[in-house]
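Input: a single structure, listed below in structure tokens.
The values are calculated or read from the model by the stated rules, or taken from the named source; none is laboratory data. Predicted model, so just to flag it, every value in this text is computed and none were measured. Here the Cβ positions follow ideal geometry from the backbone for every residue, glycine too, while neighbour counts run over all protein chains shown.
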């Protein structure tokens, strides 16, 4: 499978809103989406460390990125002006991931949590993996 797949926490409001924003701004239509709780995640992210991730995960060109690296790689796929976010790679990963982890730790308190995964409408279903 050689698709660009964004794996996200399907019950997180922040994550679901990010996916909706990405769909709107992915003009080339290169990104696909799958919840971390789904079958596609189990199939592609077979390594146990990825399945226990509490992070956004980006699968592209057979490689897996997580946390801040995933976000920056995803934004690089969107084209200008979002692609200039790759300049943030100048910061060491431990600094980028510290900020990412702080937001991730507080995301349910700040943005809430759903009791079940967000489901796209019929027009968007082709962008999603189970």
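Points to keep in mind about this one:
- Odd one out for residue 19, checked against (1) part of a helix (DSSP H, G or I); (2) over 9 Å from the mean Cα position of the chain (by Cα): (2)
- Identification of helices (runs of 4 or more DSSP H) wholly contained in the range 38-130 with 2 or more residues that are at pLDDT below 90 and surrounded by 11 or more Cβ atoms within 10 Å (Cβ to Cβ) yields 39-44, 48-51, 93-111.
- A search for C-beta distances below 7 Å between a residue of the range 76-99 that is at negative phi and free of Cβ contacts under 8 Å to residues at least 12 places away in the same chain and any residue that is loosely packed, with under 14 Cβ neighbours inside 10 Å and not in a loop (DSSP other than H, G, I, E, B), counting only pairs 6+ apart in sequence or on different chains, returns 76/83; 76/86.
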